[in-house]
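Reading through the structure tokens given below for one structure.
The values are calculated or read from the model by the stated rules, or taken from the named source; none is laboratory data. Small disclaimer: the values here were computed from a predicted structure and weren't measured. Note that each Cβ is placed from the backbone with ideal geometry, even for glycine, and that neighbours are counted across all protein chains shown.
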Amino acid sequence: MAGKQHNLSAKKIEEALDLLQEAARDKKNELKNLIMDKYSELKDTFFDGQSGVAQDISDTTGQMQENASACYGRGRDKDRQADRTFDQFIREQPLKSVLIAAGVGLLLGRFWKR
């Protein structure tokens, strides 16, 4: 009877160990799936944020290009306007223009000699 009871106890222990191993496998798979899900979420969040940053940089670069083009256009227009004003002054007052140019040349010549 002691041998039979020993076999019965050993069998129950083996069944308990099998149940524990099965439960451990199940928990291991649950944990593995949970980790994979969290990794996927983090990866998606990272790449979504990264593409958002890239879009922000692209938008900012575009705005800077537009602003630079607008500033260049305004500067070019002012340069042309100043050129026209200068030409108009010379045409309207040629003698005064020659005298001013001669005076500026004389002053520059004196400063350079020193």
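May I ask you to verify whether residue 50 is of a type outside the set (Phe, Trp, Tyr) and modelled with pLDDT of 90 or more? Walk me through how you get there before you give the answer.
Values: of a type outside the set (Phe, Trp, Tyr): yes; modelled with pLDDT of 90 or more: no.
So residue 50 does not fit the description; no.
Condition test on residue 95, is it out of contact with any strand residue (DSSP E or B) (no Cβ under 8 Å at 6 or more places or on another chain), surrounded by fewer than 10 Cβ atoms within 10 Å (Cβ to Cβ) and in a helix (DSSP H, G or I)? Don't jump to the end; show me each part of the working.
On the way: out of contact with any strand residue (DSSP E or B) (no Cβ under 8 Å at 6 or more places or on another chain): yes; surrounded by fewer than 10 Cβ atoms within 10 Å (Cβ to Cβ): yes; in a helix (DSSP H, G or I): yes.
Considered against the rule, which asks whether it is out of contact with any strand residue (DSSP E or B) (no Cβ under 8 Å at 6 or more places or on another chain), surrounded by fewer than 10 Cβ atoms within 10 Å (Cβ to Cβ) and in a helix (DSSP H, G or I), residue 95 comes out as yes.
Rundown of residues vs (1) surrounded by 10 or more Cβ atoms within 10 Å (Cβ to Cβ); (2) at pLDDT below 85; (3) on the phi < 0 side of the Ramachandran plot; (4) acidic (Asp, Glu), yes/no style:
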residue: 22; (1), (2), (3), (4): yes, no, yes, yes
residue: 25; (1), (2), (3), (4): yes, no, yes, no
residue: 32; (1), (2), (3), (4): yes, no, yes, no
residue: 42; (1), (2), (3), (4): yes, yes, yes, no
residue: 46; (1), (2), (3), (4): yes, yes, yes, no
residue: 57; (1), (2), (3), (4): yes, yes, yes, no
residue: 66; (1), (2), (3), (4): yes, no, yes, yes
residue: 73; (1), (2), (3), (4): yes, no, yes, no
